[in-house]
1. Can you check what the net charge comes to around Ala134, using other residues whose Cβ is under 11 Å from the Cβ of Ala134 (Lys, Arg +1; Asp, Glu -1)?
2. Report ³J(HN,Hα) in whole Hz for each residue of the range 211-222, in order, from the Karplus equation J = 6.51 cos²θ - 1.76 cosθ + 1.60 where θ = phi - 60°; Gly and Pro get x.
3. Sort the range 139-265 into rounded, prolate or oblate with this rule: let a ≥ b ≥ c be the square roots of the eigenvalues of the Cα gyration tensor; rounded if a/c is under 1.5, and if a/c is not under 1.5, prolate when a/b is larger than b/c, oblate otherwise.
4. For the range 1-44, which trypsin sites (Lys or Arg not before Pro) are in a loop by DSSP, counting at most 16 other Cβ atoms within 10 Å?
5. For the pair Thr9 and Ser142, what calculated FRET efficiency results from E = 1/(1 + (r/R0)^6), where r is the Cβ-Cβ distance and R0 = 35 Å, to the nearest 0.05?
6. Can you give the extra length, in nm with one decimal, that the chain gains between Glu202 and Glu281 once fully stretched, where that is 0.36 nm per residue apart less the Cα-Cα distance?
7. Based on the Cβ-Cβ distance from Glu120 to Glu172, what FRET efficiency comes out when R0 is 51 Å, to the nearest 0.05?
8. Kindly put Leu20, Leu239 in sequence by how many other C-beta atoms sit within 10 Å of each C-beta, fewest to most.
Amino acid sequence: MPENVPGPTSHSFFSQRLRLHFVDWGNRTAPPLLLVHGGRDHCRNWDAVALALREDWHVIAPDLRGHGDSGWSAEGHYGMNGYIYDLAQLIHQQNLAPVTILAHSLGGNIALRYTGIYPESVRRLVAIEGLGLAPKLQAERSGRPLETRMQVWIDEQRELAGRMPRRYKTIEEAFGRMQDENKHLSPEQARHLTVHGTNQNEDGTYSWKFDNYVRSWPPSDIPASELHRLWGRITCPTLLVYGTESWATDPRTDGRAAHFNSAEVVAVEGAGHWVHHDQLEKFLSLTKAFIAQ
């Protein structure tokens, strides 16, 4: 972020006794715009997008529970119901409805479900690869017996209970790990994400801010039929974005787009999973036009 440009202010709100964090980019008289990040990420990953939109929008970006500067779940459980409740609380407490939402990955999954529950509360929605697993993979996962899924989840929980947060000797070492995670990132992008995504430990080392337990997905979720019904309840214009170099599949060809009433699907060339980083200008161009309507 340019040094001479003022950044956002930090704020807190409470949800299920957790103190959760969000940043506010000002311009409170403008229409509200929520930016919701993905898994193992943080609210400051949206800075470049927020800077481009702050003149026309009141931009707010939360840290999901267990991420960034938000509180961690005491029991180490991170399910969709909790995430959705947190988003509902933020929108309710800040009186944001009807709100426009840009969301990525896990954040997109949360935002799509919230919008299906409260369709009148969302004006327009952009979800970057927020549909979850491709239908084939989801069917394979849900097709396993419950006892098998529970056994896998219990084993994961035990492993995570004994897993210490990784410590990097220097911020440069953590920066290198960030670059390895996404080859599309420029050095400037990777450094920005690292600086805002790590804490310095008492011994001088650095660790990622997110709770390791967010790596473990609960053993059960709502049935696909219920999820599709929620998508079908969305009444606002919806833009589904995916990168052509990502693991995500085209929702038009895998059948998921058919469950929406008014969803437009856009494939962004030269982008992986983090479309808003990998092709920032392309993403801003299509997003600005879509949310301004």
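Each value in this text was obtained by applying a stated rule to the coordinates, not by laboratory testing. The shown structure was predicted, so the numbers you read here are calculated from the model rather than taken from an experiment. Neighbour counts are summed over all protein chains in view; Cβ atoms, including those assigned to glycine, are modelled from backbone coordinates with ideal geometry.
1. Here the charged neighbours net out to -1.
2. 6, 4, 5, 5, 6, 9, 8, x, x, 9, 9, 5
3. Here the range 139-265 falls in the oblate category.
4. Arg17, Arg28
5. 0.25
6. 24.5 nm
7. Computed FRET efficiency for Glu120 and Glu172 comes out at 0.60.
8. Fewest to most other Cβ atoms nearby, the residues stand as Leu239, Leu20.
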